[in-house]
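Peer 1: What follows is a structure written as structure tokens; I'll ask about it next.
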């Protein structure tokens, strides 16, 4: 019971923040700010998938924007060729991205560390090349327009404010889904792999299968994010899912923190709004992102939110007891996962 209450307590701060964000339109936010908020929310949905992959399994993908692109192009092609609309495209886009994640994951996860990062980066670039040279089917370098309206029970929700609430609802669902994964036996198995892959394998965990499974789960989140993006922008092109968007997603999850539910929200909001608040041009923004990333790696390796929580705990409670050894932690995760 105490464990259940403790795990539920970790979800509450994220839901409280999202409830506060629900009042943003009532505060008279401009169309520019609402557009940025919607873009940030769409990114956060993808970040929750990346946090499962990176935060729980310890695998960093630099081709995550490609999975978002698969979902976006799936929605655009379904709308153009079959007339399938937003709500049906959402699960189909998630399935398409998850399938592509398997295609990427099977060869890529045969390697580890920086080799895996390079492999996922290469697959992301390969998808961009395929989309650019796809002719009329993919719209080539020009991309595809998406003309179908977005409606809910017969009401149009294409305008900024209704669509803001749609995206916010999917952010909340993503946070809840991520929380359920983290606190499930499967999540404990992923953490056992993250802490010590060899020890986890020696305890009977099929490491390769679980890694691919985590990649597939992250693909579902990314695919849904892609569908939301396609229906928001109404036009998609290969350049939106190339190397820089993948780097930005990795940057967001590393700055916010991949192991806490508030991390993706914090990372998505900071990276999206900080250049706007500081009135920076694109070049200055990239410099700022680089400085932030270096600062996080050196000073807050677990992300901004985890760093703030640790600082608060030190301030209020003083230094805590030393953590158990990594091997003991891994064995605990693995034994719990097997129950």
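The values are calculated or read from the model by the stated rules, or taken from the named source; none is laboratory data. Quantities reported herein were computed from a predicted structural model and do not represent experimental measurements. We place every Cβ from the backbone using ideal geometry, glycine too, and count neighbours over all the protein chains shown.
Peer 1: List the number of the failed condition for residue 297; all other conditions in (1) closer than 30 Å to residue 198 by Cβ; (2) modelled with pLDDT of 75 or more; (3) more than 27 Å from the chain's Cα centre (by Cα) hold.
Peer 2: So residue 297 meets the others, but not (3).
Peer 1: Further question: Within segment 218-232, is there a residue that is crowded, with 20+ Cβ neighbours inside 10 Å, within 15 Å of the chain's Cα centre (by Cα) and under 21 Å from residue 10 (Cα atoms)?
Peer 2: yes
Peer 1: Based on what the data block shows, is residue 244 surrounded by 20 or more Cβ atoms within 10 Å (Cβ to Cβ) and assigned to a helix (DSSP H, G or I)?
Peer 2: no
Peer 1: Listed residues 122, 79, 169; which is out of contact with any helix residue (DSSP H, G or I) (no Cβ under 6 Å at 6 or more places or on another chain) and within 30 Å of residue 11 (Cα to Cα)?
Peer 2: 169
Peer 1: Right, another one. When segment 300-315 is examined, which residues are found to be part of a helix (DSSP H, G or I) and more than 16 Å from residue 51 (Cα to Cα)?
Peer 2: Passing the criteria: 307, 308, 309, 310, 311, 312, 313, 314, 315.
Peer 1: Among the helices (runs of 4 or more DSSP H) confined wholly to segment 150-241, which include 2 or more residues that are at pLDDT 90 or above and in contact with a strand residue (DSSP E or B) (Cβ under 8 Å, 6 or more places away or on another chain)?
Peer 2: Hits in segment 150-241: 160-182, 207-233.
Peer 1: Please determine, by comparing only the residues of segment 1-29 that are at pLDDT below 90 and in a loop (DSSP other than H, G, I, E, B), which one is farthest from residue 267 (Cα to Cα).
Peer 2: 1
Peer 1: Here is a follow-up. Of the residues that sit in segment 137-149 and are part of a loop (DSSP other than H, G, I, E, B) and surrounded by 15 or more Cβ atoms within 10 Å (Cβ to Cβ), which one is modelled with the lowest pLDDT?
Peer 2: Filtering segment 137-149 for residues that are part of a loop (DSSP other than H, G, I, E, B) and surrounded by 15 or more Cβ atoms within 10 Å (Cβ to Cβ), the one modelled with the lowest pLDDT comes out as 148.
Here is a yes/no grid of residues against (1) at pLDDT below 85; (2) loosely packed, with under 11 Cβ neighbours inside 10 Å:
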| position | (1), (2) |
| --- | --- |
| 265 | no, no |
| 277 | yes, yes |
| 290 | yes, no |
| 307 | yes, no |
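Peer 1: Could you please give the count of residues in segment 79-124 that are in a helix (DSSP H, G or I) and farther than 20 Å from residue 54 by Cβ?
Peer 2: Number of matching residues: 14.
Peer 1: Here's something else I'd like to know. Considering each residue of segment 54-64, count those that are over 9 Å from the mean Cα position of the chain (by Cα) and either modelled with pLDDT of 95 or more or in a helix (DSSP H, G or I) (or both), and give that number.
Peer 2: 3
Peer 1: Would you check if there is a residue in segment 171-179 being surrounded by 18 or more Cβ atoms within 10 Å (Cβ to Cβ), farther than 30 Å from residue 142 by Cβ and over 18 Å from the mean Cα position of the chain (by Cα)?
Peer 2: So far as segment 171-179 goes, no, none of its residues is surrounded by 18 or more Cβ atoms within 10 Å (Cβ to Cβ), farther than 30 Å from residue 142 by Cβ and over 18 Å from the mean Cα position of the chain (by Cα).
Peer 1: Determine whether segment 107-128 contains at least one residue that is surrounded by 20 or more Cβ atoms within 10 Å (Cβ to Cβ) and either at pLDDT 90 or above or farther than 25 Å from residue 247 by Cα (or both).
Peer 2: yes
Peer 1: A further question on this structure: May I ask you to list the residues in segment 250-291 that are more than 19 Å from the chain's Cα centre (by Cα) and closer than 30 Å to residue 191 by Cβ?
Peer 2: Matches in segment 250-291: 290 only.
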